[in-house]
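For reference, the structure discussed in these notes is given below.
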């Protein structure tokens with residue numbers, strides 16, 4: 001017997017502890033928090049008066065044993081607004097991988113960059129005027145330098161198309177991605193490039209590896225962001241990608257939403 005299980009409750013002093021106390025397994029709580037975090041800041045936007053709402057897979061054997069599976073629905077009732085997210089397109093056999101994610105009831109999804117930077121490391125040089133460490137004169141530094149171990153993976157900050165992937169001047173091995181809305185981003189000094197020109201990349205995809213090619217004092221990533229062709233401070237941009245379902249996929253999704261919202265609490 002396979003029947004979804006719905007669990008609701010008050011957030012209280014801790015969203016994690018309250019969901020665990022309601023009987024939600026730890027791995028499901030973690031999945032729920034990650035889903036909600038795609039739309040809200042857990043620390044800033046979620047309050048003690050909010051109510052959590054989850055639907056999970058449940059299988060009951062003839063022996064009476066129950067097994068909890070994946071999280072299917074992640075909701076949060078905040079009084080004046082309600083967040084309702086449904087997992088859709090997560091099947092690895094799905095030919096359209098771009099629809100894999102948490103969608104709101106209107107069939108739209110948003111993925112935010114988790115780390116805020118394309119590589120794990122520390123900023124060694126900020127955006128703005130600086131004395132160039134090798135050239136010996138002051139000039140505009142149009143990006144951020146992020147120090148990281150040689151060979152560290154570099155990730156695309158959001159979905160895009162590879163406009164350039166190759167060797168170019170002082171940037172050494174360099175990748176340029178073009179995003180929607182007049183946005184573009186560049187990644188320099190790579191030891192190795194993992195994508196090719198003209199290909200489409202998804203947020204979080206590895207596009208290369210940290211190196212020290214070109215004019216460089218050591219292994220690091222030079223990261224630039226452009227809006228309308230002009231360089232801007234990468235830290236001033238909130239990176240996210242949005243996708244929307246349509247046609248047959250949207251109709252199938254709407255039917256799935258109706259099924260999950262009809263699940264009764266505890267039943």
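The values are calculated or read from the model by the stated rules, or taken from the named source; none is laboratory data. These figures come from a predicted structure and were not determined experimentally. Methodologically, a virtual Cβ is constructed for each residue, glycine included, from the backbone with ideal geometry; neighbour enumeration extends over all protein chains shown.
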- Query: Across region 1-19, which residue is farthest from residue 62 (Cα to Cα) among those that are part of a loop (DSSP other than H, G, I, E, B) and modelled with pLDDT of 85 or more?
  - Reply: 13
- Whichever residue in region 167-183 is surrounded by fewer than 18 Cβ atoms within 10 Å (Cβ to Cβ) and touching a strand residue (DSSP E or B) at 6+ places or on another chain (Cβ under 7 Å) and, among such residues, is farthest from residue 225 (Cα to Cα): 167
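Could you list, in sequence order, all residues of region 36-67 that are in a strand (DSSP E or B) and surrounded by 14 or more Cβ atoms within 10 Å (Cβ to Cβ)?
Correct list: 51, 52, 53, 54, 55, 56, 57, 58.
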- Message: So, in region 150-163, exactly how many residues are over 11 Å from residue 210 (Cα atoms), free of Cβ contacts under 8 Å to residues at least 60 places away in the same chain and buried (at least 17 other Cβ atoms within 10 Å of the Cβ)?
- Response: 3
- Message: I need the full set of residues from region 175-186 which are part of a loop (DSSP other than H, G, I, E, B) and either at negative phi or modelled with pLDDT of 95 or more (or both), in order please.
- Response: 179, 180
- Item | Residue among 143, 147 that alone is surrounded by 19 or more Cβ atoms within 10 Å (Cβ to Cβ) and within 19 Å of residue 215 (Cα to Cα) | 143
- Item | Residue check for residue 84: under 19 Å from the mean Cα position of the chain (by Cα), surrounded by 13 or more Cβ atoms within 10 Å (Cβ to Cβ) and at pLDDT 90 or above | yes
- Item | Selection count where residues are within 22 Å of residue 142 (Cβ to Cβ) and over 22 Å from the mean Cα position of the chain (by Cα), scope region 198-237 | 14
- Task: Would you check which residues across region 20-35 are touching a strand residue (DSSP E or B) at 6+ places or on another chain (Cβ under 6 Å) and not in a loop (DSSP other than H, G, I, E, B) and list them?
- Result: 28, 31, 32, 35
- Message: Please pick out the residue among 230, 252 that is out of contact with any helix residue (DSSP H, G or I) (no Cβ under 7 Å at 6 or more places or on another chain) and not assigned by TED's automatic domain parsing to the domain that holds residue 172.
- Response: 252
